[in-house]
1. Show me the ranking of peptides 149-160, 49-60 by mean Cβ neighbours inside 10 Å, starting with the highest.
2. Once you keep just the Cα pairs under 8 angstrom separated by 6 or more residues, what percentage relative contact order results for the stretch 2-164?
3. Let me know the number of lysine pairs in the stretch 372-441 closer than 18 Å at the Cα, not counting same-chain pairs under 8 apart.
4. Calculate how large, on average over all directions, the projected area of the Cα convex hull of the stretch 84-139 is; give the answer in nm² to one decimal.
5. Starting from the 7 Å offset along Cα-to-Cβ, what nm value, one decimal, do you get for the label separation of Glu101 and Lys151?
6. Under a crude label model (7 Å from the Cα following the beta-carbon direction), how far is Asp162 from Ile400 in nanometres?
7. When N is the residue count of the stretch 372-441, what does its C-alpha Rg come to as a fraction of 2.2 N^0.38 Å?
8. Each residue of the stretch 92-102 in turn: what ³J(HN,Hα) in whole Hz from Karplus with 6.51, -1.76, 1.60 and θ = phi - 60°, glycine and Pro shown as x?
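A short reminder: the numbers here are calculations on the coordinates, not readings from a lab. These numbers come from a predicted model, not from an experiment. Ideal geometry is used to build each Cβ from the backbone, glycine not excepted, and the neighbour counts take in all protein chains shown.
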Amino acid sequence: MSEKTIWEYLKAQGLTDAGVAGLMGNLYAESGLRPNNLQNSYEGKLGMADAEYTEMVDRGTYANFGNDRAGYGLAQWTYPSRKAALLAYAKAAGKSIGDLEMQLGFLMQELSAGYKTVLNILRTTVSVREASDIVLLQFERPADQSEARQKQRAEYGQKYFDKYAKKGDGIMGFTNSSLATVRMISPNRTPNRNHVIDTITIHCFVGQVTAKRGCEVFQPSSRKASCNYVVGYDGSIGLCVEEKDRSWCSGGADKKGNPIRVNGISGSSNDYQAVTIEVASDTKHPYTITDKAMAALIELCADICRRNGIKQLLWKGDKKLVGKVAQQNLTVHRWFANKACPGDYIYECLGDIAAKVNAKLGVSSAPSTPAISESKVPYKVRITATDLRIRKGPGTNTAIVQKAIAPGVYTIVSEATGEGATKWGKLKSGVGWVSLDFCKKL
């Protein structure tokens, strides 16, 4: 069935369920989703119906396709330059001018090259009406753009959404996954951000709850806190504050909508430029998260990167690196403040998360080789954490050789700087390195 083919094709191009539905509603209004549809009023003028017109254009016996001003195809392309481009695209592909797959490819080419704002909305929106309106007003641009026409086309789109979208409280399609997202916009959101997104900040909150419940936590206006996304224990994802808006944690906002800093948490190095994510965790140390939540978190981060044109994800694990990020790199980092994250689990995993996201982006996370400064005099440290990992080298970008070191007193024989910690220490046993941020020197 052609409508299902169209739905699946557009979903594969990274459009959300709402985005596909809004676009299809407009295409239906224009052509009934028939790729060989010739504008009805021109059938009499030209003396040809759909099939005959298509065949004559394909054979070259009708040479006025680009200039006859007759609407044609899924989107009822009309203007000479757009029809000429459609014809050239079909010839280059060796396809009929009325071929469905060819027209969908041309449609995406048009959106990508000349309608980037429209395409961005279709890839991020969770509102069928928003998607429908942007297509109607900025892509199709018919003579009748009245409220009645806008409502009608959105209703067409809603029917496709109801038929094909995955069921839930609200749906957001992801570029390379089919994760459902509940949409519960927080009243605490700040005005539109005035900085380019260059950071993802990941926290965990106490409680193995669903994304819907997590979003509800951020709803009361008295809480003075918000986040962009919540990842539930079951892999569900909740949208609390849209990416175009800033979120903040603790302190609330001043009269101008700027986050109030508390213990250094909010500021230009994180909230203004960061997409913030809260992940459901256990209720006590080390506040671990489920495998489903981890998988959803990685998919979400990869999707954020794709939609923002980010080529590689880095972990800004050193406080000195906050605010310092190479262009076109989206950086995961911990907010270095007293209320940063209730547990160490997420913080310890960030290097691994970045590497897995990069794998989905098609780039490798080659470990760097930090300079090691040997300590001439070994010293002892006390470790109380039950989940401190031992790594092959000084950095979270090196392999884990032991998931947890037993609490106790250990001897550090050398130190080094590396990703994920202010400083790393090499164990006397030679088994590996531990983060000295979680060790108390004796």
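1. Working: 149-160: 18.5, 49-60: 16.3.
Descending packing order for the listed peptides: 149-160, 49-60.
2. Normalised by residue count, the contact order of the stretch 2-164 is 35 percent.
3. Qualifying lysine pairs in the stretch 372-441: 21.
4. Values: hull surface 16.8 nm².
About 4.2 nm², averaged over all directions.
5. Going from the Glu101 label point to the Lys151 one covers 4.1 nm.
6. Using points 7 Å along Cα→Cβ, the separation is 4.7 nm.
7. Relative to the rule-of-thumb radius for its length, the stretch 372-441 sits at 0.96.
8. 5, 7, x, 10, 5, 4, x, 6, 5, 4, 4
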